[in-house]
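Each reported figure results from applying straightforward, stated rules to the coordinates on display, with no laboratory input. Quantities reported herein were computed from a predicted structural model and do not represent experimental measurements. Glycine gets a Cβ as well: all are built from the backbone with ideal geometry, and neighbour counts include every protein chain shown.
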Amino acid sequence: MPAIRGIDIQSDRVTITMGSGVEKTMLLSDVKIPPNTTIEQADALATQYLQKMYEQSWTLDDPSWEGDLGRIGLDPPVLLPNERIEKIKGKDTYIICEMFVAVHFLSLDPIKYTICCSNDPIGGEWWL
């Protein structure tokens, strides 16, 4: 996981400042949470939205990608915990996570939430 300089949680946004000074902000208004959404559903929507900010992807046939096709091109591929291959628009796409991020809403009205950043996939009730 990259060095994190700070995490600023506001009522309407979360900003993560990396050690390099780069800031990434998730505005809660950008996360489309429909009416009557459960906390679990809101968690999933917000986590998916924020996680995408920390992912990079290349199609496996992209000549600019310099990944290890020797390991990833195997059947089945040999992937690290922060890597996956998904079919996107009909093409095999290699996705690497810079870090794993999860969001948990403590309340939807008023909105109260917390986040977790980790080197490893985040699961279970990590906020407890």
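A few remarks follow.
- Residue order, fewest to most beta carbons within 10 Å, for S107, S57: S107, S57
- Spherically averaged projected area in nm², based on the convex hull that wraps the Cα atoms of the range 72-128: 5.8
- Short-range pairs are left out: with C-alpha atoms under 8 Å and at least six residues apart, the relative contact order of the chain is 21 percent.
- Residue order, fewest to most surrounding Cβ atoms within 10 angstrom, among M53, M18: M53, M18
- Centroid-to-centroid separation of the range 1-52 and the range 69-96 [C-alpha atoms, Å]: 26
- Seen against the Cα atoms of the chain and their longest principal axis, helix 39-51 is set at about 50 degrees.
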